[in-house]
1. Quick check: the angle from helix 190-206's long axis to the longest principal axis of the chain, C-alpha only, nearest 10 degrees?
2. Can you sort Thr243, Thr184 from fewest to most other Cβ atoms within 10 Å of each residue's own Cβ?
3. Just the C-alpha atoms of segment 16-101: what Rg/Rh do they give, with Rh taken as the Kirkwood radius?
4. Taking N as the number of residues in segment 141-245, what is its Cα Rg relative to 2.2 N^0.38 Å?
5. Taking the Cβ of each residue in Lys112, Lys154 as the centre, tally the other Cβ atoms inside 10 Å and list the residues starting with the fewest.
6. Compactness ratio of segment 222-377: Cα Rg over 2.2 N^0.38 Å, N = residue count?
7. Within segment 247-295, report the trypsin sites (Lys or Arg not before Pro) that DSSP leaves as loop and that have at most 12 other Cβ atoms within 10 Å.
8. With an 8 Å Cα cut-off and a minimum separation of 6 or more residues, compute the relative contact order for the chain in percent.
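What follows draws every value from the coordinates through simple rules; no lab data is involved. The shown structure was predicted, so the numbers you read here are calculated from the model rather than taken from an experiment. Virtual Cβ from ideal backbone geometry, glycine too; neighbours counted across all protein chains shown.
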Amino acid sequence: MGLSKTIWTNPTEFLRSQQPENPVLFFSPSALQSAARRFIDGFPGMVTYAVKSNPGEEVVENLSAAGVRGYDCASSFEIDLIRRLAPDAAIHYNNPVRSRTEIAYAVEKGVKSYSVDSASELAKLIELVPVRDTEISVRFKLPVAGAAYNFGAKFGATAELATDLLRTVAAAGFIPSLTFHPGTQCTDPAAWETYIRTAADIARNAGVTIARLNVGGGFPSHRLTGVIPALEATFALIDRVATEAFGDNRPLLICEPGRALCGDAFTLAARVKAVRDDSHVFLNDGVYGTLTELPLIGVIDRMEVLTPEGEHREGAPQGRIVFGPTCDSVDRLPGDVMLASDIAEGDYVIVHGMGSYSTVTNTRFNGFGDLMMATVLSLKV
């Protein structure tokens, strides 16, 4: 997969001209930089980017150009990527489970911020990481609320364990901090309030003044037509509650959005391979390709159907069973997908908001997955 050198006006111009048979992701640098500036201008603290959501070089370069100065990395590969593309940026190694080899590599690369959620992993950090100017953030969890799925099923200490870990971090001489993740695609701003107040309780119970509080990712991208992310309301709530909960000991705040930064900077065009007996729609992309997330957190309903000539299909929306191109029956989008009733073979299904967890999860299963990227000035079709 490579990014085209030509810059197109919009996806329609490209589709009409090129008639691609394979899926195409359209990338708008201006949309990505606009999303970054929205966070930088609105969030009351440091904005970092969760590299895992889309590690494309064009993404990192444009976020850096927009002013993002920190990156949440989960692997040696991601650390190397940031050191190469944004060498002066801060790296937060916030995957809380790492091998000794991975820890040693991060130390070699000058990483100064780590997260942890267990006593055994904290012991490895104390053993291997230099104390001087190094931050260790204890990650805690609460029951999930208002999110698409629960990160706490895999990561995060209970509040009681987090209290003990935080006390140990401070006693060992590291810079003590706390971090949490409210869950992916969290559309309820109130979810952050409970976490922030619990963080304050953990710090008080541990007898530790924390340096920073990382309020995680979870910030939503625009997936549903009727649900527009209330980012500014969330920023204001985080600002207010942090002051109320911590008072004079308010820590510096960090956020680590992934999908909320890159999600709306990409639009997918998948071609209709067949409309079987006016019932099932087969696309040249599916859950083994860029649409991996849809069965996990729901269909993006920001869809349009274009003819090969770039005209909008105007038929009344009709629920369709939509399959991907592979011979695996699991390769199906969840539920009935509302598409124009006059959809036909050769048309393009346009899916907006496809920048996160799409390129990075695209596979070549069954010989499919050949994905092209094209740069556009606007994602409007």
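1. Helix 190-206 sits roughly 20 degrees off the main axis of the chain.
2. In order of increasing Cβ crowding within 10 Å: Thr243, Thr184.
3. Details: Rg = 15.2 Å, Rh = 14.3 Å.
Here Rg/Rh amounts to 1.06.
4. In units of the 2.2 N^0.38 Å rule of thumb, it is 1.12.
5. Values: Lys112 17, Lys154 10.
Going from least to most buried by this count: Lys154, Lys112.
6. Taking the Cα Rg and dividing by 2.2 N^0.38 Å, one obtains 1.27.
7. Within segment 247-295, no trypsin sites (Lys or Arg not before Pro) qualify (loop, at most 12 other Cβ atoms within 10 Å).
8. Numbers: 867 pairs, mean separation 89.4, N = 381.
Dividing the mean separation by the residue count of the chain yields 23 percent.
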